[in-house]
């Protein structure tokens, strides 16, 4: 498995140097450019069928933009995206809707993503008919009932509206809607961050079970590394539009290399007060730089407590495989032993 471009005809999902930039236009009077937001700035990634890839990073690092670019809700500025050998970034806007039944998205706020004027039957029925337009009447209701049972809900609830459910129940409906077109890829964008902790674990367990039983591939996005490490097979750490570390979940959690990954790990609360009191914390300086004016060279140097020399402020570090399957943006200052475990 490689972080570099895989074989688009053999690997399930391949991203090759994907960039999504937003032109901010020009000023009203001088017509000068307001700049370009480099939300995703060169992501290369290969995802195998059946795995759960966790995508983690601070708010504003480009995670959601990358997910919407894969979904083709946003078109990439440059680069290529292949799903099962077909280049999504080359499909016309007219044809992409029919292709999108093969990859579905679960959003953060289920109440905002569900139509408040549609019952569960209407919502799920509409999604089912994107794959099976011939289903009607009792056959359609039977399929909706099956979907509700799959996500742990009572089929008798299909006549209810979103406001009649709790947050966790609404998210289960949203998951059922994502499953309705029978996709092979699910992108879950912060699906548990708006839920109580006790409900979070139920939704996480549900997503893990569905991925295994239905043979799905999933990209799970979160700013919470403790959640990501529980559900993921591999973890990609994203910073300022780029992936700075990638590896299997156990390696990233137990042996992080990049100082940014270590800082995210040190922010996870420790239940044992004695361990919490004695463990080393990495406190990053300031906020992430603006994606409109990202720093040259190593993108992390303005916040690194380790400091950087002039060369690494000019030259972007290579993304290298340090050990089998473990890749890192190999800046000697960011990857040096900095006292964090």
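Every read-out reported here was derived from the displayed coordinates using simple, explicitly stated rules and does not represent laboratory data. Since this is a predicted model, take the numbers as computed values, not measurements. Neighbour counts are summed over all protein chains in view; Cβ atoms, including those assigned to glycine, are modelled from backbone coordinates with ideal geometry.
How much of the DSSP beta bridge set in segment 136-274 is antiparallel, as a percent to the nearest 5?
The answer is about 55 percent antiparallel.
May I ask you to derive the relative contact order of segment 87-168, considering only C-alpha pairs under 8 Å and at least 6 residues apart, and to give it as an integer percent?
Relative contact order here is 35 percent.
May I ask for the distance between the Cα centers of segment 224-269 and segment 94-165, given as a whole number of Å?
Computed from Cα coordinates, the inter-centre distance equals 33 Å.
Taking the Cα of residue 316, stepping 7 Å toward and past its beta carbon, and measuring to each backbone N in segment 14-50: which are under 14 Å?
Once the point is set 7 Å along Cα→Cβ of residue 316, 16-21, 38-45 turn out to lie under 14 Å by backbone N, inside segment 14-50.
Please compute the modelled spin-label separation between residue 156 and residue 309, points set 7 Å along Cα→Cβ, answer in nm with one decimal.
7.3 nm
With the crude spin-label approximation of a point 7 Å out along Cα→Cβ, what separation in nm comes out for residue 141 versus residue 255?
Going by the 7 Å Cα→Cβ label model, 5.8 nm.
Tell me, in nm to one decimal, what length is gained between residue 214 and residue 115 on full extension, where the rule is 0.36 nm per residue of separation less the Cα-Cα distance?
The residue 214-residue 115 span can extend by a further 33.0 nm.
Between the helical axis of 167-179 and the dominant principal axis of the chain, each derived from Cα atoms, what acute angle in degrees is found, rounded to the nearest 10?
Computed tilt is about 80 degrees.
For residue 198 and residue 149, what is the calculated FRET efficiency with R₀ set at 22 Å and r taken between the beta-carbons, to the nearest 0.05?
The pair residue 198/residue 149 has a calculated efficiency of 0.50.
What is the spin-label model distance, in nm, from residue 182 to residue 293 if the labels are put 7 Å beyond Cα along the C-beta direction?
Taking the two extended label points, one gets 5.4 nm.
Under the rule of -39500 (n - 2.57) per DSSP H run of 4 or more residues, summed and divided by the residues of the chain, what mean residue ellipticity at 222 nm is obtained, to the nearest 500 deg cm²/dmol?
Calculated mean residue ellipticity at 222 nm is -8500 deg cm²/dmol.
Based only on other Cβ atoms within 10 Å, what is the fewest-to-most ordering of 114, 74, 225?
Final ranking by Cβ density, sparse to dense: 74, 114, 225.
How far is helix 137-150 tilted, in degrees, relative to the longest principal axis of the Cα atoms in the chain, given as a value from 0 to 90 rounded to the nearest 10?
On a 0 to 90 degree scale, this one is about 40.
What order do you get for 298, 334 when you list them from fewest to most C-beta neighbours inside 10 Å? Please report the intermediate quantities before stating the final value.
Values: 298 23, 334 27.
In increasing order of surrounding Cβ atoms, one gets 298, 334.
Take 136, 208, 63 and order them by how many other Cβ atoms sit within 10 Å, fewest up front.
Ascending number of Cβ neighbours within 10 Å: 136, 208, 63.
If you take every DSSP beta bridge whose two residues both sit in the chain, what share of them, in percent to the nearest 5, is antiparallel?
So the antiparallel bridges in the chain amount to around 60 percent.
Rounded to the nearest 10 degrees, what's the angle between the helix 197-214 long axis and the longest principal axis of the chain, both from Cα atoms, 0 to 90?
Between the helix axis and the principal axis of the chain, the angle is about 70 degrees.
Pick from 170, 149, 100 the residue whose mean-square fluctuation is largest in a GNM of the chain, springs joining Cα atoms under 10 Å.
The residue that fluctuates most here is 149.
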